[in-house]
Structure formats: C-alpha cells, structure tokens
Amino acid sequence: MDLSLDQRYLDFRDEVRSFIAANRGHAPPAVTFRDRVKPGPAEFAWQARLIEAGYAARTIPREYGGFGAEPDMLEQSIIAEEFSAAGVQGGLQGIGIIMLVPTLLEVGTPEQKARYIPKAITGEEWWCQGYSEPGSGSDLASLRTRGVLEGDEWVINGQKIWTSGAHYAQMMFCLVRTEPDAPKHRGISYLLIPMNTPGVTVSPLKTMTGRSEFNQVFFDDVRIPATNIVAGRGEGWKVANVTLKHERGGLGDPAKSIARFEGLLKLMKRETVDGSRAIDDPLLADRLMQLEAKVLALKFNNMRVLTADLEGNDPGLARLVTKYYGTVLNHEIDALAIDAMGELGVLYEDGEYLRDEGAWQAWYMHDLGLIIGGGSTNIQRNIIAERGLDLPREPKAVIPPQGMGGGTASGGRG
Amino acid sequence: MDLSLDQRYLDFRDEVRSFIAANRGHAPPAVTFRDRVKPGPAEFAWQARLIEAGYAARTIPREYGGFGAEPDMLEQSIIAEEFSAAGVQGGLQGIGIIMLVPTLLEVGTPEQKARYIPKAITGEEWWCQGYSEPGSGSDLASLRTRGVLEGDEWVINGQKIWTSGAHYAQMMFCLVRTEPDAPKHRGISYLLIPMNTPGVTVSPLKTMTGRSEFNQVFFDDVRIPATNIVAGRGEGWKVANVTLKHERGGLGDPAKSIARFEGLLKLMKRETVDGSRAIDDPLLADRLMQLEAKVLALKFNNMRVLTADLEGNDPGLARLVTKYYGTVLNHEIDALAIDAMGELGVLYEDGEYLRDEGAWQAWYMHDLGLIIGGGSTNIQRNIIAERGLDLPREPKAVIPPQGMGGGTASGGRG
Amino acid sequence: MRFGLSSEQETFRDQLRRLLNERSPLERVREVAAGGSGYDERLWTGLAEIGAMGVLVPEEYGGLGMGAFDAGLVLEELGRFTAPAPYLGTAFVAPLVLSESGSNMLAAEWLPRIAGGEARIGLALAEAVGARAGAGVRNEHGRLSGTALMALEAGTADAFITAAGGELWLVRSESAGLTCTAMTSIDRTRALAELRFDGVEAEPLAGGKALTRRALDLARVALAADTVGAADAMFEQATAYSKQRVQFERVIGSFQGVKHALADMATALEPARALTWYALHMQTEMPGSTEAHRLACHAKAHLAEVGRMVARGATEVHGGMGFTDDLGLHFWFKRIGLDRQLLGSPEQIRAEAAAAMAA
Amino acid sequence: MRFGLSSEQETFRDQLRRLLNERSPLERVREVAAGGSGYDERLWTGLAEIGAMGVLVPEEYGGLGMGAFDAGLVLEELGRFTAPAPYLGTAFVAPLVLSESGSNMLAAEWLPRIAGGEARIGLALAEAVGARAGAGVRNEHGRLSGTALMALEAGTADAFITAAGGELWLVRSESAGLTCTAMTSIDRTRALAELRFDGVEAEPLAGGKALTRRALDLARVALAADTVGAADAMFEQATAYSKQRVQFERVIGSFQGVKHALADMATALEPARALTWYALHMQTEMPGSTEAHRLACHAKAHLAEVGRMVARGATEVHGGMGFTDDLGLHFWFKRIGLDRQLLGSPEQIRAEAAAAMAA
C-alpha cells in the first residue's frame, strides 16, 4: 500500500492545476441534467485548447491530431481528478471519442484512422452508436438490421433504438447482420454510416423523464460504400467487444458517484422540516452514511483497478463489479435525495420550490434507465458470475412465448 | 369485508376460553427453544384431554379415536388463537399428526387407517418423516434410497437426513425408490417403516446451533412387510404431494411471527444502553416498525387465505407466498433482537447476562435452517412464479460438475 | 366472517373497472395529464353515476353510507388505472371529516353535492406533518395567513380542508386573500398547488388535533390503497411482458433472474394488500381509534416501501421498453412515487407509530 | 502509487497462509474452540516466529515498526481461517496505544514482550461505546471500580486496556480486586469476559478521550479486517460448492438464482475490501486524524452489513449442508456475527460518523 506519488506525478498535478487556473475562463459552463444537448462552438474551442495542452486526446498519436503522449493511467487519473475537483469541464466525452477512436486505433485500416480519428477527437464529426434494437435488448447478438453487399455498396435495412445524439451526429458506428446464414454471433459486421445518407431517418424517443435523451434510427435501403466496414465481414461481434473494452469511466465511474453524493450532502444540509435540517434527522443521516461508505468503497475499489492497470495485471472481480455497483449506488443516492426533500421531492420541471432544477427526479429515472440499458442487473450479474467466478453459462433452451406449461412444482421439499 | 363472527362462533370462542381457564393447570409447561425434546406423559395426558374436548384431532373420525367434528376452518382458527393468546400449549404438533394422518385419511387403506391413526393422534406412536437425503435437497425427486420387493417384504437400503425426532419415533413414513427404471418422479413409493426394524440406525446430526435438532437415518437391508406401502408402487411422489398439501400452520404461520415479534417488543422495552431503552432509539424503533408492518401484513394475508378456504376458493398467491414471507420475516425479527442487545446479543448457552436463554441466536440460526430446509428461497420463488404466476418452468439441461466453460459473456450489451 | 370482498363488492369493483376501462384508458390519462388539472369531467360524472362519489356520504345526505373499505375499492381501482380523479380528498376524506366535525350546516351544504359529483374538495394538510421551506398557516382570530404547500387535488377544488394552528378549517377556493398556484410534480394525474393565505376567512371544523389526525389517517390509508392498485397494475404488466418477450431464444419469464424478481414482488404485494384492506376497514369500523391510527401509519409506510420496490422492479423487467414514454408504464411509476412522498415519509410515519408503541 | 499489496506484503501473506494452513486447519480450530480460551499456543508461537506479532511494535522495542495495513493482512488471514489468536488486542491495538500514551516505562515493559509473543493484552472498551446492563467502570483516585462487560480477547490476557472515566488504563490481570469471568458467545474462537473491578490499581495511559477514540478506531478497523477475511472464506467456499453440487441434473452454480446470489456477494465484498484496506492504511498514515476516524467508522459499519449478508447468503448456497456442524461453515458465520456486534452496532457507528459530517 503506497498511495504516494512520484515527484514526476506531483509536478504533473501542479501543471494541470496551473492550466485550469489560467484557462478556466474559456471553459464552457457546467452541464446540468436539463441540457444534455449537442456540444457547440464553445465546447469545440475548449476541446481544441485541451488537446493542445494534452488534457484531451492525450494518447492519440499526433498524426491523427492527438497529443501523442504515452499511455499513463495515473496521468489520466490526475487529469480527471483535477478537472472534477475544480468543477471545470474536461474533454469531450462523446461516444466517438470514448469508443470508436480506440477501436479504430486497434483494428482500423490506416485509411480509416486517417479519415475518422482527427475529426472525431475535435468533435467536428460527431458519432453515435447503433447497437441496440427493439427486439434485442440484453440479447444484443440477436439483432436483425441487415446489410446486403450489392456491388461496391452495402444496402442496409432495419431499425436501431436507444441511440443518443443521433439527431445531431454526422456518423454512426453500427452493428449489422450481413451473413444471415452464419451462427448468431458470426453473422454481424461493424459498419460506418454517414447519417446524411438517403434512407436514414432519425426520430426522437421520448422517455419516462419526459425528455428525448435517445432516438430511434430507421434504415430504408441505405447505401454506403463497401469500404465502410471495420475488420472483416462477420467480425462485427469481435470488434464490438474491442469497443466495449474501452467503455471506461462512464457507467460505474466513482467520480460521478462522488459528485452525486456531494450534491446530496449539500441538499441535506439545506433542506429543513419544521426548521430542522434533513442531515440532523437520525434516519436520513443513517442512510446518508450507508451511502457514503459505498461511495468510498467504490472509490478505493477503483484505485485497486487503477493499480492493476498500471502494473498490467487483471483486476478481475474488482473491475467486473464496478458498473453494477456504481449504477445501483447512484440510483440509491437519487432516492435518498428525493426522500430528504419529503413532499417537495416529487416536484419536477419548474416552479419556485423546485430544487436543483429537478435533477434528482430526472436522475432517479435516468439512472434506472442506465441500470437497465447498459445491460440489466441480471446481465451484469451473469457477467460477474460467469467471467469473474467462472460459473457455468446459462444452458441453451428454446422457450417460445406461446404454449406455456406451469401448474406443477419445479421441485420438491424435504 | 366482514370480520364479525356468527353467534355460533362467538359461543364457540367462549367455550374454548372456559375450557382453557378450567383446565390450564393440566397443561404441560411452555416449551422454550432449549427443550425441543420428545413429548412425555404430561403431553400425552394433555393431548387425551384435548381430544376429548375436541381441541385436538378435532376432525378425525371417532372410529379412529378423534373427536369427529365436521371440518370448520374458523373453529380451528379460534382454537389456535385462544390457546396462543392464553399462552397455553395446544394439541401435539408432531409430523405424524400434521402430515401422515390426513394423508392416510385420503389415500390409505381401511386397515392402514385403523392401524396407524389412533396411535398417531394420541402420540402413543410417534412418527418421523424420511424425505430428504444428502444428495437430494431441493431436488427431492432425485432421492436414491432404494427398496426392492423380495417375496412379501421390502428390503430397504440407503440414507435419510434432516429427520426430526427420529431418535424417539416409533415409525417413519418414507420415500423410497422402488422402480429404478421408471422416470424420476414415477419411481418412488411411500413406505411405512417401524424404526425398531433391524438395520435401521439413527445418528444425531449436530447443526450450527450446537444442538442436534435433526438426525441421519441409515437403512441397511431393512426388511418391512410388503403391505407397508401407501397407495401403489411408484405413486409415492403423488402421495407426498397429498401430504405436502396438509403441511399448514407450520412454516410461515403468522401466530409464530406474532409471538416472536411480541418477544422482541418486550426485549426492546427492557434492554438499555447508557440507561436509555432500545425502543427509544430511533433507528432500532424504525426497524421494529418495519417488522410490525410485515407481521400485520402476514396476519391479514392469512385471514384472506382462511376466508378463501372457508368459501372453498383457491387463495392463490396469498397462500403461495406465506412460507417464504414468514420464514424470512422470522429471521429478520431474530436479527433485530440480536442487534437490540448490542454486544450482549452474541451471548449464547449460559451466563448471567444471557437474555431469553439465548433463544434469539438459536432462532437466528435455526430460522436460517428453516429458510433453507423447507425448500430454499430459490425453490420457494420458483414455486411462486411457476404455480402462482404461471411462468414457464426451468428448462431441462444437464450440467455436470466437471468441464465448466466460462470466460466469455452470456450476453451482449446495448 | 369474510376477509375480502362480498359479492356486492365484487360487482361494484367490476362496474368500476368497466367504467375505467372505457373512460380512463391510458391514452385518455395521457391527454388529461398533459393538461395538469388532475380532473376528467367524463370520468367524474361516470363515478358519480355508479354511486362511487357517495360511498362514504351518509344516506341522509344522499349517499350510500358505506364503509371505508368500499371507498378503498374505488381508490385501488383509480390507482390501477392511474386515473385523474380527485376522489381521495373529495369522496374519501371530506365526507368523514365534515360529518365528524359536528357542523350540520357544512354537512348539509357539501355532502349532497359531493355525493352528486358536483363539488370537489382538496386537502392542504402537508404542514400538519412537517412544514417544509418555511411554509405553515396561522390562525388569527378565524382568519388564516401563511402558506400551504403541496395542497392535494387542488386543480378544480371548490374548497380545501386546511390544517392551521393544530386544527382543521374549510376554506372556499373563491375566498378573498387566497391565491392558488399550481405546483408541477412528476405525476401529472394529480394536481398539486401552493396556497397562499392572506387573512383568508375560513370555517372552523370542530374536532381539534384529533380531527387533524383523523384526516391524516384517512388520507394516508387512501394513498396506500392507491399504491396497491398502481403497484398491482405494474406487477401484472411485468408478468405479462415476461411471458411474451423473448431474449436468447427464451421468454424472459423462464430465466430465474426475472422469475425471482417477479416472485419477490408478488411476495411483497400480496400481504401488503391485505394490510391495506384491513387498515381501510378499521377507518370506519373503529374510527379515530388508536388501532385505526396505527394501521393507517403502517399501511402508508409499508406501501411506500413496497410501492417503490415494485415500481422499480416492474420497470426493470420491461427492460428498455419500460423506460420509454410510449409504453406509458411511467404513469404508474410516477403515481407510486408521488403517493410515497405525500403526507410523511415512511421513516417519519414509522416514528409516529413507534412513539405510540414505546409508551 | 500502488493501492494493494507490495511484493513483500504478498510474500508475507503467503507465509501467513502456509502457517495457518498448517497450524490452524478447521479441525484444530474446532479443538481450540471447544476449550474456549480463544488461544492456541502453537499458532501463537508460529505468528511470533514469522514476525507477525511485532508488525506494529517500533523497531527500538524489537518490532518491525510497519504500518497498520501490514498488520491488517494478519487480521484478514486470521479471519479467513477463523483462527483462535488474540492478535487484535495484543498486536494491533496495544502497540499503538501504548506507544502513543507517551509512557516510555510501559512501552519498554510490554512492547518487546508483545513482539516476542510473550504477552497478551485484552481490551475492555465496550462501555466507552455504550454501557449495557448497568455496567461501567469508575476511576476513584487512580483505582478502578465497577464492571466491564464483553472484554475482548480475555482468555489468556496478561493485562487489559480498559476504558474508565473517559480515559484508558492498563490493568494487570493479577491485580488485587479484579475478577475475570468468562462470557460464552456464539463464537468460541475468541474469549470474552466480564471484568469486575473492586478498587483495582491501574496505570493511566495519557491521552484522554482522544486516545480512547484512537483505541476504538483501531479495534473497529481490525474487526472489519477480520470480517473481510472471514466473509471472503465463506464466499469462496460457497462458490466452490456451487460448482460441485448437482441438483436437477445441473450444478447449482448454473442456476441464475445461485449465480446472482454469488454475484451480489462478490459485488458487496470487493469494494468493501478496498474500503477496509484504505481504512487500515489511514490508521498509521494519519493516526488519530478525523479522516482516519471516519474511515474506521465506515469500515466497521459497512463490513458489519456486508458480513451479515455474505454469511447468510453463503450458508444458503450450501443448502442443508451449510446448516450442519460437520461442514464447519458456521465457524465463519459466528465469527462474522461476533465481529458485527462488538464495539458498536452499525447504526450507532454511523451516527458517530454522521455527527462529524453534519457539523
């Protein structure tokens, strides 16, 4: 256990702090839940400044417009901590930057890298992800959007759902069934689709929060060049798994839980009932402390993961449990915030008595969506059990919706 | 909603109360957790008195030594309530009386009824149950104790476990595989085994409570008459299900939870920390109230079940959830009692500071055993889902212990 | 003895369901919710026509003079359909509180109109449980001043039963000095409002603190009944969905993960329903008794917890679909969410129940 | 930066495991538990031989002068084997408290003997958290009177660190006026006792309330570390069992019911371990700080909850076998049960942490 940093890192931390202090005037305003909107010129300018300083696209090679530093988890972690502590927005977090770029770096052709990466990291070309379909939620590999190669073009038909940012993205990376006769996982290809291609229709998907955080995207004879495929035909599932590997720092990110918890703490010091603060209520305080223990546990767990990464070891369970732990924890934090507000906790959208712009109710619902959306708790627990504990996979069985049995016991008693 | 009783039942309640008042001097002392022992002459004499008055073996025909009343759930319920409220022990609760007798009444031969029922209800002939085996816990039908018909005798070999009272029982009703070639559930017969038959060995099974509430029973070429079978060969599973139907008032019985809760309430009014009572601690009081709501919910749920029974309707889910709800609830009550005692909550067995003879720790462990033993929570939830909600049964699949896969995900994410 | 519905009650419930199926399907709920009034004329008239409005109104005032359990059936069905109808204040709390206040004049004025579906009464009781954000209403020589937040079923109310100075008052909506500002909540099927009182004339309801507690008991058990209906509806939708939705070549209801989640919901919900039924029953069986109060506390607090668990679990069983606006499952989710928060958190209410028991 | 074990620490842990595998297998634990002394000579000597007793003893007194995280490794492994060894009081709390009390005389007398495995020190701190059943120890001019319950690791202690009058005292077991009566708990691997003081001479440990809090922080984080090890052992046994046990022609680990129960345990346990490690680390990194106190509170309270959940869940995965004495799983179950109850319930400890935060 050695939590001290080499002088090099202490210096680096100072450098980041100085940068933030000197440049924070250029940072776009903090984003609240209400305005999950398209990044604009302010964000792009800030991103350019960050790339130049090495605080965004840090490890992307210079030839593709990045800063070109060697990967160093600790540096990344220091950058994230300092921006978060200063309350200043860090680099753009679009799905193109987080997921597509590392994937192309790993399996893309030189042409694809040169064509897509520079514009992705500046935000000039915004990406969305076409994975989920209405019929394939947790069972992603059962997707049905199909692509047929006609001459030098893919012709795509089908439908995607849960596509964040599709209404302003220029590009989509997309899983499409191109080999209908191959086994389920081997029939999928990873295609890159310009969103302005004729036949692409984006329609907003309103959710329970009352907003349209997501879209549906329909493909009707959409034709894209045959070269817009990453890796080979039928290798889309493998490519997607490369991509998933890079999906870090998002779901289950301790920084998010810490920030959420701090908001809750402020709220509980502010809200009163009959003049007495919520935090002085023994039962609310008890729940607050239960959550603080979990937030801290997640934070230190993440330091274990980081350590393993730094040393090139597999953090195993410590990493696998993070998403499940973090998303459920965030949802519990939201729930306590609502309860601490009492009756006022149900307010939403507007009004004099609305707290924190109604973010807590919005999060309470949105986080439930994340618990479901990033692989339901059941899928998460399967992953933990099967990959982390080496328990056997679910046996194959076909049970159609019709013709259910039932009526007799599945087991006896003793 | 009509919770009033006909005059007839009000009269009956008065009659039961008078009986208890006049006869309570003859009742054996209340049983604590420590002395789960064999009933003795005092219990048998009390039982005889209760049968005569119609408060035990109430609906067993007179020809078999019972009181011969028509079944009336409300009368039964009044009897149970009044004995419980008075803190006076009711009729014997042996497994022979609760499970074997109703089964024989339903599917036994006239000879079997005449031979076994009279002695079972007086307690003169004590029964134990031979269902579970070490290899078949939740999967009861996979039992392996085998019986072979040789001439006019069954020859039995194998082993049973979790057999309460086997060390003083005279008889066992037992599931034995007699048709090894038949499908799993159809190869079992229901045999009646005198415990003094040569080859029967009973050995106490010590549990985590430190006591031997259960036994193992070994059969080594045990020979019993061919006629000691209830219903036909291979019909044992069906007979066992008849028996299970009669397993009432035991697991998940609200009266038990109510009594347990009242004990907890007393404890929390008595125990102090720095001079302040446990019940005045807001957090402990909050947990107490959570449990009281559940105890009341179970109580009223049981009244719904009783109403359905009275009217010949199927109470459906309300009955199916009772066992799971009740056993888990009891375990939660025990846990709060331990917590309310703080450090002293870990004391056990003896000593000046031991509370309630150490019953709470003993129950905390024993109730966990009951949660597991009467069909684990997983089995209980399967039963609720499959019988109560008509969800499809678990698909058949064979997964042996060796050769586990693992390493890849069972599902994608979207 | 019968713990449950009589055949007349079953008939009544069937009638309610037919009415709600016809006049309050999801698409209609959606429309009314968009308006935010928490009120639907056609549904309201229908409820009056089948006698639902007068269940608790004494016969002498044109009602049916039945029990709280009967009225609870209406509440449960309204919850089941997330129906926008200010029944709780108007037809559940008001008839009993006005009858018990001893004012024949008020009773004679309001009860026949309630039974006829011609009047609506909101509840401004939040501050009797705990004043938030400095709110609170004072009585100054029979005139009320101050602020009441989260007044319930306020959208089209003709009057409010208002707690002030430890007592209850009837305040007419058109009174001078009263301002009513809508408060927007997650659940648009019920209208909430901020009431500002500036020396508003009000009619006192005799009964003091006991009547205030009585009104709270009634409102709380009514919210519990609403949650029972709403949670039941979510649970049933989740069960049905689990039998249709296929993933990994299997209906998802065949996976233990889903199966056990549904079994847990059933196990929480069935006994919770019985608890609520009994708590309803006691409100007119032993009105104002310690026992009735205790049951009202337990029903409200317990259903708040069970409701939250079912709302979350049933949404999760639906996967992404449950999160969409289109499916509309969120109407129930939000209704249960609102019921939970109103008139005392579970913790607060349990503390009330514990204080009574610890003595 | 490294959050985790160094290679030296890994070597040390391997050494510990070899020792414990050899000297404290379940059958040996069973024997010692039957005696109830909470002490096993052979194991104790072994621990001293590999240097485990002196981890926190300063080098000047013959120890290794290492950190609380190193000593925590020992605690975790002792928990993993439910080993009967009064390490917590003797080698974890005592070296730091005696060093920090500023008494060179006491330090010189005891620390070398602790490092050498020649002395054992119990803890009578329960009344500093909350006096039960009228217990409590008073200081009357340097002599102690009264009762201390649940004195920890009392079986073969040469002295006790005792809380009285808001301060700590060292009381020698052979002192006149001191009576030590064993208290039987569910967990026979640790010896508990009632201490009666009748004007007992005691040596004051300078440090006042702060040192008392320090001793509690140390003991609590130590109990958390013990629970981490014990819960880990139960979890691993349950996982292994689920891969071997066949029911319905399948290993039970292939059923989602079992799979998800194990995943939930892993999900609770992994981050809880990291929390405990950090809490241990802080005890010598920032001794006596608010941060160290806060972490100690969280580690103890959180592990109490996680421990109970894993203990129950792992037992349940074992089915009936888990309930038998024969399998011995209950040794861990009971050890976790004891750890939970000692030195403050989770609720009590969270209230302490909250009080600090609410200010």
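The values are calculated or read from the model by the stated rules, or taken from the named source; none is laboratory data. Just so it is clear, the model here is predicted, and its values are computed rather than measured. Here the Cβ positions follow ideal geometry from the backbone for every residue, glycine too, while neighbour counts run over all protein chains shown.
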If I ask for residues that are over 22 Å from D:Ile252 (Cα atoms) and within 12 Å of chain A (Cβ to nearest Cβ), which ones from segment B:146-173 would you list? B:Thr163, B:Ser164
Step by step: first the residues of segment A:136-161, then only those that are touching an Asp or Glu at 6+ places or on another chain (Cβ under 9 Å) and assigned to a loop (DSSP other than H, G, I, E, B), then the one that is nearest to A:Phe219 (Cα to Cα). Which residue is that? A:Thr145
When segment D:282-330 is checked residue by residue, the ones that are assigned to a helix (DSSP H, G or I), among the charged types (D, E, K, R) and closer than 16 Å to B:His366 by Cβ are D:Arg312, D:Glu316
Picked from segment D:21-49 (must be buried (at least 16 other Cβ atoms within 10 Å of the Cβ) and in a loop (DSSP other than H, G, I, E, B)), the residue modelled with the lowest pLDDT is D:Gly36
Please verify whether segment A:289-298 includes one or more residues that are more than 24 Å from the chain's Cα centre (by Cα), facing chain D (nearest Cβ under 7 Å) and in contact (Cβ under 8 Å) with a residue 40 or more places away in the chain. no
Looking at (1) over 16 Å from the mean Cα position of the chain (by Cα); (2) surrounded by 20 or more Cβ atoms within 10 Å (Cβ to Cβ), which is the one condition that is false for A:Gly151? (2)
Give me a count of the residues in segment B:98-112 that are within 12 Å of B:Phe173 (Cα to Cα) and in contact (Cβ under 8 Å) with a residue 60 or more places away in the chain. 4
List the number of the failed condition for D:Gly288; all other conditions in (1) within 14 Å of chain B (Cβ to nearest Cβ); (2) under 24 Å from A:Phe300 (Cα atoms); (3) among the small types (Gly, Ala, Ser); (4) surrounded by fewer than 24 Cβ atoms within 10 Å (Cβ to Cβ) hold. (1)
Of all residues making up segment C:257-306, the number that are in contact with an Asp or Glu (Cβ under 8 Å, 6 or more places away or on another chain) and of a type in the set (D, E, K, R): 2
Considering only residues that are in contact with a helix residue (DSSP H, G or I) (Cβ under 6 Å, 6 or more places away or on another chain), surrounded by fewer than 21 Cβ atoms within 10 Å (Cβ to Cβ) and either without any contact (Cβ under 8 Å) to a residue 60 or more places away in the chain or not assigned by TED's automatic domain parsing to the domain that holds C:Ser242 (or both), which ones fall in segment C:317-328? C:Leu327
Can you tell me which residue is surrounded by the fewest Cβ atoms within 10 Å (Cβ to Cβ) among those in segment C:252-285 that are among the hydroxyl-bearing types (Ser, Thr, Tyr) and facing another protein chain (nearest Cβ under 7 Å)? C:Ser254
Looking at (1) surrounded by 24 or more Cβ atoms within 10 Å (Cβ to Cβ); (2) facing another protein chain (nearest Cβ under 7 Å); (3) under 23 Å from C:Gly320 (Cα atoms), can you tell me which one A:Ile383 breaks? (1)
Sole miss for B:Asp181 among (1) of a type outside the set (A, V, I, L, M, F, W, C); (2) touching a residue at least 24 places away in the same chain (Cβ under 8 Å); (3) part of a loop (DSSP other than H, G, I, E, B) is condition (2)
Are there any pairs, at least 6 apart or on different chains, whose C-beta atoms fall under 9 Å, with the first in segment D:342-359 and within 21 Å of D:Met150 (Cα to Cα) and more than 10 Å from chain A (Cβ to nearest Cβ) and the second hydroxyl-bearing (Ser, Thr, Tyr) and not in a loop (DSSP other than H, G, I, E, B), and if so, which? none
A:Ser189 is checked against (1) among the hydroxyl-bearing types (Ser, Thr, Tyr); (2) modelled with pLDDT of 95 or more; (3) part of a loop (DSSP other than H, G, I, E, B) and fails just one. What number does that condition carry? (3)
Can you tell me which condition B:Gly312 does not meet? The list is (1) within 21 Å of C:Val228 (Cβ to Cβ); (2) without any contact (Cβ under 8 Å) to a residue 24 or more places away in the chain; (3) more than 7 Å from chain C (Cβ to nearest Cβ), and all the others hold. (1)
Filter pass, D:Val228 being of a type in the set (Val, Ile, Thr), in contact with a Ser or Thr (Cβ under 7 Å, 6 or more places away or on another chain), crowded, with 20+ Cβ neighbours inside 10 Å and at the interface with chain A (Cβ under 9 Å from one of its Cβ atoms): no
Check off (1) assigned to a loop (DSSP other than H, G, I, E, B); (2) more than 8 Å from every other protein chain (Cβ to nearest Cβ) for A:Gly210 and give me the number that stays unchecked. (2)
Taking the condition away from chain A (no Cβ under 12 Å), within 30 Å of B:Leu205 (Cα to Cα) and modelled with pLDDT of 95 or more, does B:Ala337 pass? yes
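Within the group C:Ala263, C:Ala274, C:Ala279, C:Ala238, which residue is part of a helix (DSSP H, G or I), in the same structural domain as C:Ala314 (by TED's automatic domain parsing) and within 20 Å of B:Ser376 (Cα to Cα)?
Answer to the check: C:Ala263.
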Breaking point among (1) crowded, with 24+ Cβ neighbours inside 10 Å; (2) out of contact with any Phe, Trp or Tyr (no Cβ under 8 Å at 6 or more places or on another chain); (3) closer than 23 Å to B:Leu368 by Cα; (4) within 14 Å of chain B (Cβ to nearest Cβ), for D:Val306: (4)
Filter result for D:Gly337 (over 21 Å from B:Leu347 (Cα atoms), of a type outside the set (Phe, Trp, Tyr), within 8 Å of chain B (Cβ to nearest Cβ) and in a helix (DSSP H, G or I)): no
Report, ordered by the first and then the second residue, all pairs with beta carbons closer than 6 Å, sequence separation of six or more or different chains, a first member in segment D:92-119 that is closer than 14 Å to D:Trp169 by Cβ, and a second member that is aromatic (Phe, Trp, Tyr). D:Leu98/D:Trp110
Hits in segment B:87-129 - residues which are surrounded by fewer than 17 Cβ atoms within 10 Å (Cβ to Cβ) and β-branched (Val, Ile, Thr): B:Thr109
Note: among C:Arg13, C:Arg18, just one is without any contact (Cβ under 8 Å) to a residue 40 or more places away in the chain, surrounded by fewer than 23 Cβ atoms within 10 Å (Cβ to Cβ) and closer than 21 Å to C:Gln237 by Cα, namely C:Arg18
Among the listed residues C:Leu106, C:Leu56, which satisfies the condition of being in contact with a strand residue (DSSP E or B) (Cβ under 9 Å, 6 or more places away or on another chain) and among the hydrophobic types (A, V, I, L, M, F, W, C)? C:Leu106
What strands (runs of 3 or more DSSP E) lie completely within segment C:100-185 and have 1 or more residues being more than 12 Å from chain A (Cβ to nearest Cβ) and either touching a His at 6+ places or on another chain (Cβ under 8 Å) or farther than 26 Å from C:Asp339 by Cβ (or both)? C:136-140, C:143-152, C:167-172, C:178-183
